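Since every read-out is calculated from the coordinates, none of them should be taken as a lab result. Note that the structure is a prediction, hence the values are computed from the model and not measured. Because the Cβ atoms are built from the backbone with ideal geometry, glycine has one as well, and the counts that use them run over all protein chains shown.
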Amino acid sequence: MDQDVAAQEEDLLFTLEDGIGRIIFNRPQARNAFTFAMYERLAEICERANTDRSIKVLLLRGAGDKAFAAGTDINQFRAFKTPQDALDYENRIDRVLGTLERCRVPTIAAITGACTGGGAGIAASCDLRIGTRTTRIGFPIARTLGNCLSMSNISRITALIGPARVKDLIYTARLVEAEEAASVGLLTEIVDDLAALDKRADEVARLVAGNAPLTLSATKQALARLQKRLTRDEGEDLILMCYQSQDFREGLDAFLSKRAPHWRGE
């Protein structure tokens, strides 16, 4: 097996048993932060679920108890040099999360610990989200890198929790605790701890896997038709404004240097 492919499969594990496809983000040492290869692997599994009728439901979780996924690995941004790099990155995220959101089968996110940035985007793209008391969800980009969400991601999250709460989350860069997350729709239910999460997520996955697939598919597609998604192209100017700024470079350097950034608004 090619070394890159082997590493990709090691970082994002997939097993299938009794109709339940289990996806594990397997980088606990990095709080399950996503590499570009992991995003592609996730999309590949969703594409497989679209054609493999033995897959009835997908269950996503992070390895360990510290994080579901802490967004994109910051080291992935080191190579950004041109405007196209920023557009290509957001295009990748839009494509992968769109593939997850439109996946034929129901998707369930089992969340404990940090669920931030791209990780929160993945969770928001799932149909159901079960959390623990330690779950914390948010998009802290206004205090980390100074980048922005694409139009399609803004559309998706706004459809889930509404524009006022999107502004609150991004403007304050705060992480929402489990109880509040459940009250605003970021979580569908909460359990006490990791053991309870594994048990409950498995119960829900088995319940959903045993229900009428066409009913589930029709419901998922009907809701998708009700919610217009703006495309990445409609917000390219906003992506370039942030990713090509001095502030983005400052945010990246500050994050990697473990210091507070000094924003200039340019």
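Which aspartates and glutamates have a Cα less than 13 Å from the Cα of Lys220, not counting those fewer than 8 places away in the same chain?
Glu101, Asp127
What shape does the range 144-241 take by its C-alpha gyration tensor, where a ≥ b ≥ c are the square roots of the eigenvalues and a/c under 1.5 counts as rounded, a/b above b/c as prolate, and the rest as oblate?
Working: a/c = 2.58, a/b = 1.37, b/c = 1.89.
In terms of gyration-tensor shape, oblate.
With the contact rule set at Cα under 8 Å and sequence spacing of 6 or more, what percent relative contact order holds for the range 84-188?
Numbers: 146 pairs, mean separation 29.3, N = 105.
Answer for the range 84-188 is 28 percent.
Could you tell me how many degrees, from 0 to 90 and to the nearest 10, lie between the Cα long axis of helix 213-226 and the main elongation axis, the longest principal axis, of the Cα atoms of the chain?
Helix 213-226 and the main axis of the chain meet at about 30 degrees.
Assign one of three labels to the range 27-92, namely rounded, prolate or oblate, based on the Cα gyration tensor with a ≥ b ≥ c the square roots of its eigenvalues; rounded applies when a/c is under 1.5, prolate when it is not and a/b is larger than b/c, and oblate otherwise. Write down the numbers at each step before the final one.
Details: a/c = 3.71, a/b = 1.35, b/c = 2.75.
Judged from the Cα gyration tensor, the range 27-92 comes out oblate (a/c at least 1.5, b/c at or above a/b).
Would you mind calculating the relative contact order of the range 3-195 from Cα pairs under 8 angstrom and at least 6 residues apart, reporting the percent as a whole number? Don't skip to the answer; put the middle values down first.
On the way: 364 pairs, mean separation 35.9, N = 193.
Across the range 3-195, relative contact order equals 19 percent.
So what's the angle, to the nearest 10 degrees on a 0 to 90 scale, between helix 194-209 and the longest Cα principal axis of the chain?
That works out to roughly 60 degrees.
Which value, in debye to the nearest 20, describes the size of the charge dipole of the chain about its Cα centre when Lys and Arg Cβ atoms bear +1, Asp and Glu Cβ atoms bear -1, and nothing else is charged? Numbers along the way, then the final one.
Numbers: 35 positive and 37 negative charges, 101 e Å.
For this selection, approximately 480 debye.
Which Cys residues of the chain have no other Cys Cβ less than 4.7 Å away and so no disulfide-compatible partner by this rule?
Here Cys115, Cys126 come out as lacking a disulfide-compatible partner, given the Cβ-Cβ threshold of under 4.7 Å.
For a quick check: with amide H placed at 1.01 Å from N, whose amide H comes under 5 Å from Arg129's, ignoring anything fewer than 5 positions away on the same chain?
Here Ala109, Thr188, Glu189 satisfy the definition.
How big is the dipole moment of the range 123-207 about its Cα centre under a simple scheme where the beta carbon of each Lys and Arg is +1, that of each Asp and Glu is -1, and everything else is neutral? Debye, nearest 20, please.
380
Do any of Lys56/Lys199; Lys199/Lys258; Lys81/Lys258 go past 26 Å between their Cα atoms, and which? Write down the numbers at each step before the final one.
On the way: Lys56/Lys199 18 Å; Lys199/Lys258 37 Å; Lys81/Lys258 22 Å.
In this structure, Lys199/Lys258 lie more than 26 Å apart at Cα.
Please order Cys46, Cys148, Cys115, Cys242 by the number of other Cβ within 10 Å, starting at the fewest. Show your work: numbers first, answer last.
Values: Cys46 25, Cys148 22, Cys115 32, Cys242 18.
Lowest count first: Cys242, Cys148, Cys46, Cys115.
Which of the three applies to the range 112-155, rounded, prolate or oblate, going by the alpha-carbon gyration tensor with a ≥ b ≥ c and a/c under 1.5 meaning rounded? Working shown, then result.
On the way: a/c = 3.60, a/b = 1.34, b/c = 2.68.
It is oblate, given that a/c is not under 1.5 and a/b is not larger than b/c.
Expressed as an acute angle from 0 to 90° and rounded to the nearest 10, what is the orientation of the C-alpha long axis of helix 36-51 relative to the principal long axis of the chain?
It works out to around 30 degrees.
For each of Thr135, Thr82, count neighbouring Cβ atoms within 10 Å of the residue's Cβ, then give the residues from fewest to most. Mind dumping the intermediate values first?
Details: Thr135 29, Thr82 10.
Fewest-to-most Cβ neighbours within 10 Å comes out as Thr82, Thr135.
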